[in-house]
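Enquirer: Below you'll find the structure I mean.
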Amino acid sequence: MTDRASRAASGRDAATWAIVLAAGEGTRFGAQKQFVRAAGHRLVDLAVDAAAQACERVVVVLPPGRAWDGRPVYAVVEGAADRPSSVRRGLDAIPDADGLVLVHQAANPLAEVVLLQALLDALRDGAAAAVPGLRPADLIRRAADGLLDEVVGRDELVLVQTPAAFRLPVLRAAHEQRLAALEDTTLVSALGYDVVVVPGDPRNVHVASVEDLELVAALLAHRLS
């Protein structure tokens with residue numbers, strides 16, 4: 001195998017794509033949070049900007065009837081009723097059979113380019129999939145009915161963050177199974193692929209509440225100062 005063929009097989013020369021999910025209705029938040037602003041910036045724009053810096057092409061998944069008015073992207077597609085279906089619609093907009101793909105979302109607007117690049121580098125080093133993870137700092141115990149139960153060891157636990165990265169054929173194969181799952185790494189693991197964990201970032205806040213949005217605004221203002 002030539003050196004170039006070896007790099008291609010390992011993903012060194014593979015095309016890089018990003019799917020940015022921004023199709024949620026924001027039922028828990030009380031509004032379509034992807035379009036709200038923190039420190040003057042829409043959450044979806046922050047996610048798309050990072051994805052565009054890390055990847056060659058970006059596909060944005062929006063709510064039905066919503067026009068895209070952000071930076072130019074490769075494609076804009078209409079989201080579906082649930083997250084897995086929206087990811088599949090994003091995948092359908094990618095013409096390549098091979099390559100690397102990040103699955104990002106507007107609800108994690110502070111994921112920095114260096115984190116996205118670390119995920120892609122894990123794929124280039126041979127991983128089928130990669131995700132950021134944080135080791136719990138506090139003691140973890142099970143609890144039932146408001147009462148503490150057994151202690152759970154922290155050393156084997158990880159708090160999984162978004163985005164995640166995948167080899168395109170792996171993610172396509174995972175979604176072809178049409179299994180119920182909250183996120184894509186579960187689907188990939190169900191096919192028997194290992195998912196590599198790269199160091200996460202505690203500033204990579206997932207916005208689920210107004211309080212989370214306030215934290216994002218404070219962190220973003222500090223970043224831009």
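Please treat every number below as a calculation from the coordinates, not as lab data. Since the structure is predicted, the reported quantities are computational estimates derived from the model, not experimental observations. Cβ: placed from backbone, ideal geometry, glycine included. Neighbour counts: every protein chain shown.
Enquirer: Can you pull out the trypsin sites (Lys or Arg not before Pro) in region 21-99 that DSSP calls coil and that have at most 11 other Cβ atoms within 10 Å?
Expert: On the way: sites: 28, 33, 37, 42, 57, 66, 88, 89; in loops: 28, 66.
Passing sites in region 21-99 are 28.
Enquirer: Need one word for region 77-130: rounded, prolate or oblate. Basis is the Cα gyration tensor (sqrt eigenvalues a ≥ b ≥ c); a/c below 1.5 gives rounded, then a/b vs b/c decides.
Expert: Working: a/c = 2.46, a/b = 1.32, b/c = 1.87.
Taking the square roots of the gyration eigenvalues as a ≥ b ≥ c, region 77-130 is oblate.
Enquirer: Could you order peptides 68-75, 45-52, 103-110 by the average number of other Cβ atoms within 10 Å of their residues, highest first?
Expert: Answer by packing, highest mean first, reads 103-110, 45-52, 68-75.
Enquirer: Where in region 115-142 does the amide nitrogen come within less than 18 Å of the point 7 Å from the Cα of residue 182, taken along Cα to Cβ?
Expert: Residues 131-137, 140-142 qualify, since their backbone N sits under 18 Å from the label point.
Enquirer: To continue, here is another question. For the chain, what is the largest minus smallest coordinate of the Cα atoms on each principal axis, given in angstrom and ordered from greatest to least?
Expert: If we take the Cα atoms of the chain, the spans are 59, 44, 39 Å.
Enquirer: Could you check the simple spin-label distance between residue 217 and residue 112, using points 7 Å along Cα→Cβ, in nm with one decimal?
Expert: My value for the distance between the label points is 2.3 nm.
Enquirer: Let me ask something else about it. Is the shape of region 169-223 rounded, prolate or oblate, going by the alpha carbon gyration tensor and its root eigenvalues a ≥ b ≥ c, with a/c under 1.5 for rounded and a/b larger than b/c for prolate?
Expert: Numbers: a/c = 3.91, a/b = 2.31, b/c = 1.69.
Prolate.
Enquirer: OK, next. Starting from the 7 Å offset along Cα-to-Cβ, what nm value, one decimal, do you get for the label separation of residue 142 and residue 121?
Expert: Calculated label separation equals 3.9 nm.
Enquirer: Please give the length that would be gained between residue 13 and residue 150 if that part of the chain were fully extended, namely 0.36 nm times their separation in residues minus their C-alpha to C-alpha distance (nm, one decimal).
Expert: Numbers: separation 137, 0.36 × 137 = 49.32 nm, distance 4.79 nm.
So the chain would gain 44.5 nm between residue 13 and residue 150.
Enquirer: To continue, here is another question. For the pair residue 82/residue 203, report the inter-label distance in nm, with labels modelled 7 Å from Cα in the Cβ direction.
Expert: My value for the distance between the label points is 3.6 nm.
Enquirer: Taking the Cα centre of region 179-225 as origin, work out the dipole magnitude from +1 charges on Lys and Arg Cβ and -1 charges on Asp and Glu Cβ, in debye rounded to 20.
Expert: For region 179-225, the charge dipole is close to 160 debye.
Enquirer: Moving on to the next point. For residue 225 and residue 71, FRET efficiency with R0 = 22 Å and r from the beta-carbon atoms, rounded to 0.05?
Expert: So the FRET efficiency works out to roughly 0.45.
Enquirer: Output the direction-averaged projected area (hull surface divided by four) of the convex hull of the alpha-carbon atoms of region 107-225, in nm². Don't jump to the answer; show the numbers that get you there.
Expert: Values: hull surface 38.9 nm².
With every direction weighted equally, the projected area is 9.7 nm².
Enquirer: Using alpha-carbon positions, what is the distance between the centroids of region 164-225 and region 20-54, in Å?
Expert: Computed from Cα coordinates, the inter-centre distance equals 14 Å.
Enquirer: Please name whichever of 123, 68, 190 sits farthest to the positive end of the charge dipole of the chain, dipole taken about the Cα centre and charges placed at Cβ: Lys and Arg +1, Asp and Glu -1.
Expert: Result: 68, furthest along the dipole toward the positive end.
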